[in-house]
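Notes for the one structure printed next.
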Amino acid sequence: MLINLADSYFSAANGGIDLKEMNENDPLVVLIHGAGMDRTVWFQQTRFLSHHGYRCFAVDLPAHGGTEGPPLETINEMADWISSVIERLGGPAHIVGHSMGSFIALATAANHPDSVLSATLIAVAEGMPVHPDLQTAADDNLPKGASFIAGWGHGPDQHLGGNPTPGLWMIGGATAVVENSKPGILSLDLSICSSYEETLQQAQSVKCPTTLILGSRDKMTPRRAAQPLIDALTNPTVVELEGVGHMSMTEAPKEVRQVLLDNFSNS
Amino acid sequence: MVEPDAHKFDTKSLHAGQRPDPSTGSRAVPIHQTTSYVFDSVDEAAALYNLEVGGHIYSRISNPTVAVLEERIAALEGGVGAVCTSSGMAAFHLAVATLLNTGDHIVSSQNLYGGSHNMMTFTMPRFGISTTFVDPHEPKSFLDAANENTKLFYAEVLGNPGIEVLDIEAIADAAHSIGVPLVVDATFATPYLIRPIEHGADVVIHSLTKFLGGHGIAIGGAVVDGGRFDWAASGKFPTLSEPYDGYHGIVFTDEFGPQALSMRARAEGLKDFGACMSPSNAFYLLQGIETLPLRMQKHVSNTHSVLDLLDKHDAVEWIRHPDHPSHPDHELAKRLYTKGSGAILSFGISGGREAGKKFIESVELASHLANVGDAKTLVIHPASTTHQQMSAEDLSTAGIGEDLVRISVGLEDPADICADLDRALKASQR
């Protein structure tokens with residue numbers, strides 16, 4: 001659906017519930033996708049949360065998915081935009097970010113504390129250096145860049161299959177999401193990720209409860225790379241998912257749903 | 001430069017879709033011969049029924065054995081998902097019924113399996129869906145036949161029975177230029193020989209009964225969702241991009257993005273029409289797919305042996321196979337089908353209908369039956385069997401003369417296949 005925001009619109013999925021029928025007293029949840037992706041990476045969580053007592057919106061960042069407009073060029077600009085989305089939707093909100101989205105969630109929690117009830121950071125690390133071959137592929141050959149992300153982004157089990165949603169091929173789904181991104185967006189997002197160096201500084205100023213969901217087989221943001229961030233946050237909850245790669249929301253959807261429910265109810 | 005981390009085709013043929021069974025350690029895919037699945041809780045049941053979470057409810061909608069097959073086919077084709085059906089025709093129907101409504105229109109290649117031609121000519125019009133048939137060689141012919149109600153272009157990647165080679169990218173570009181998808185039937189090719197999604201096709205239909213299964217013991221079909229077509233931007237597909245009351249207002253493109261077609265086809269098409277695949281058939285078809293790469297190599301090499309025989313035979317008037325230099329699409333085939341363009345061929349027999357009949361009745365190793373893609377060599381006379389419901393004019397348009405004999409080359413020793421065909425050809429001339 002398209003939701004107006006100032007003089008523009010943004011695209012979001014909310015489980016197919018008419019906005020007028022959403023209970024404004026239900027807690028707000030905003031899900032933030034990663035580099036070159038869009039709202040649909042959350043399809044295993046969005047509709048579930050919207051039918052379990054939350055006003056859940058998986059949003060498309062500007063120039064991603066169904067949201068038009070020029071892309072935002074820094075994590076802090078994206079955090080400002082998320083804050084305005086939360087205000088538009090009647091926040092504050094529990095925010096959940098994946099990969100680049102986890103940087104955005106962290107920055108939103110740090111820069112806009114009144115907007116955020118809790119922050120859940122999935123597949124996060126102190127920094128996200130991008131392999132030069134991936135950056136080159138993203139610059140020049142989007143299908144190849146998409147195949148890099150889908151290939152490296154999933155744990156070994158997911159390369160065999162066994163999707164909890166019958167008939168869907170997880171690697172193919174992730175590849176298509178990235179391949180469908182607008183020209184230049186994956187390249188820009190990756191360069192934003194690799195140049196972002198404010199995680200520790202922002203982590204130290206976050207006041208809301210934080211949860212980190214980390215995959216034991218994540219090649220893109222390895223578990224050890226998250227430790228400085230964990231040390232910088234105040235009493236974060238850390239959940240490690242065995243055998244899972246960079247795409248916990250789709251690789252371990254049930255576990256992620258449960259972590260989110262526990263996190264929201266405790267915040 | 002490093003390479004993407006992904007299993008190769010042969011590995012996927014054996015493994016995609018399955019991890020060893022966690023409760024029993026079973027290495028082979030278990031046959032889940034069950035109609036239904038115990039829910040953990042009332043809440044879980046409600047969430048499953050409401051598409052909030054993934055999982056199995058009832059085997060008409062999904063089944064764990066069938067799901068392995070669906071993932072494997074999607075993986076081999078490079079799609080985002082697949083929905084398996086009771087037959088290839090059911091798969092074609094499922095794709096059309098998921099995407100189109102009364103008043104909609106299809107532009108289709110004229111060179112098709114007779115059953116598909118029949119469905120579009122006689123059956124779909126009863127439900128308000130019309131079709132215009134065109135020469136598949138020219139993108140312009142598709143565009144000229146399109147109108148404001150056109151919702152998809154349809155073609156076989158290797159036509160039946162003339163084995164016309166579809167320039168997938170050219171027809172896909174034409175389809176996309178008017179905001180509609182290209183749906184292709186790739187049964188004759190299998191993903192081993194070509195992966196149409198990589199060439200721009202949006203949906204791939206398979207009769208799994210043929211080369212993918214390969215053994216001729218199980219009927220089945222599949223709709224493979226390429227995940228690249230933007231259904232919402234097209235504005236022509238309300239079943240995917242507008243609220244669906246059947247699931248409390250869900251908008252499939254909003255929630256599922258590239259998997260919208262797969263999800264709607266299952267949630268509506270399999271649930272309501274019910275043309276599901278049985279778990280035992282899925283098991284049989286999986287056994288076939290495990291050896292798909294090896295079998296297709298042998299099918300192609302045997303086909304080349306048969307082409308050599310026919311090329312020199314006095315009883316043969318003409319040969320139709322894209323790997324043969326006489327085929328009009330030979331150059332295109334060389335570009336698209338680097339591993340060979342399949343194991344179905346046709347030829348014209350000297351003496352026309354009577355000679356054709358004698359030939360069919362004289363083969364001893366090859367089987368005369370209405371199928372292709374078996375491990376065993378098959379022969380048929382299309383004008384009197386698979387395409388017999390087509391008018392003389394339609395037969396002529398589709399390039400099916402009364403002298404045409406179709407062969408599906410099997411996996412026997414090529415010397416035995418050739419000896420049998422040679423003997424029958426000689427007998428046909430007496």
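Worth a mention:
- Heavy atoms of chains A and B lose about 3800 Å² of accessible surface on contact, summed over both sides with a 1.4 Å probe.
- Reciprocal mean inverse distance between Cα atoms of region B:300-380 - Kirkwood radius, Å: 13.6
- Chain B - mean residue ellipticity at 222 nm from DSSP helices (-39,500 (n - 2.57) per run, n ≥ 4, rounded to 500): -10000 deg cm²/dmol
- Antiparallel bridges, percent of DSSP beta bridges restricted to region B:12-288 (to nearest 5): 45
- Percentage relative contact order, chain B, counting C-alpha pairs under 8 Å, at least six apart: 17
- Packing rank of B:411-418, B:300-307, B:175-182, A:210-217, where each peptide gets the mean count of other beta carbons within 10 Å, highest leading: A:210-217, B:175-182, B:300-307, B:411-418
- Potential lengthening between A:VAL238 and A:ASP18 on full extension [0.36 nm per residue; Cα-Cα distance subtracted]: 75.7 nm
- Taking chain A and dividing mean pair separation by its residue count, relative contact order in percent (alpha carbons under 8 Å, at least six apart): 20
- Computed on the Cα trace of region B:335-387, the radius of gyration divided by the Kirkwood hydrodynamic radius gives Rg/Rh = 1.02.
- Treating each Cα of the protein assembly as shown as an identical point scatterer and summing with the Debye formula, the log10 of I(q)/I(0) at q = 0.05, 0.09 Å⁻¹ comes to -0.26, -0.77.
- For the pair B:ASP416 and B:ALA46, label points projected 7 Å from Cα toward Cβ lie 6.2 nm apart.
- Oblate is the label for region B:171-283. Its Cα gyration tensor axes, ordered a ≥ b ≥ c, give a/c of at least 1.5 and b/c at or above a/b.
- Shielding of peptide B:236-248 by partners, expressed as the average count of other chain Cβ atoms within 10 Å per residue Cβ, is 1.
- Each Lys or Arg adds one and each Asp or Glu subtracts one; over the other residues with Cβ under 9 Å from the Cβ of A:ILE213, this totals -2.
- Taken along the Cα-to-beta-carbon direction at a fixed 7 Å, the label points for B:TYR37 and A:ASP139 span 4.5 nm.
- For region A:121-262, a Kirkwood radius taken over Cα pairs fed into Stokes-Einstein (20 °C, viscosity 1.002 mPa s) yields D = 135 µm²/s.
- Per residue accessible area in Å² of the protein assembly as shown, where ligands, DNA and RNA are left out and the probe is 1.4 Å: 36
- Sulfur and carbon atoms: percent of accessible area, the protein assembly as shown [1.4 Å]: 51
- Kirkwood-Stokes translational diffusion coefficient of region B:1-74, alpha-carbon pairs, 20 °C, 1.002 mPa s, µm²/s: 149
- Globularity ratio of chain B, using Cα Rg and 2.2 N^0.38 Å: 0.99
- Beta bridge orientation in the protein assembly as shown: antiparallel %, DSSP, nearest 5: 45
- Placing pseudo-labels 7 Å out from each Cα toward the beta carbon at B:SER280 and B:TRP318 gives an inter-label distance of 4.5 nm.
- Scattering from region B:292-428 was approximated by placing one identical point on each alpha carbon and applying the Debye formula without solvent; log10 I(q)/I(0) at 0.11, 0.12, 0.19 1/Å stands at -0.37, -0.44, -1.13.
- Cross-link partners for B:LYS358 among the lysines, with Cα-Cα distance under 25 Å and sequence neighbours closer than 8 places in the same chain left out: B:LYS312, B:LYS376, B:LYS426.
- DSSP beta bridge pairing in chain A, given as percent antiparallel to the nearest 5: 20
- In chain A, the C-alpha radius of gyration followed by the widest Cα-Cα span (Dmax) gives 16.7, 47 angstrom.
- Top of A:GLY173, A:GLY97, A:GLY65 by mean-square fluctuation, Gaussian network on chain A, Cα under 10 Å: A:GLY173
- Counting only residues at least eight positions apart within a chain, or on another chain, the aspartates and glutamates with an alpha carbon under 12 Å from that of B:LYS151 are B:ASP104.
The values are calculated or read from the model by the stated rules, or taken from the named source; none is laboratory data. Only a predicted model underlies this, so the values are computations on that prediction, with no experimental measurement involved. Quick reminder, even Gly has a Cβ in these numbers, built from the backbone with ideal geometry, and neighbours come from all protein chains shown. What goes into the accessible areas is simple: the full protein's heavy atoms, side chains included, and nothing from ligands, DNA or RNA. Shrake-Rupley method; radii C 1.70, N 1.55, O 1.52, S 1.80 Å.
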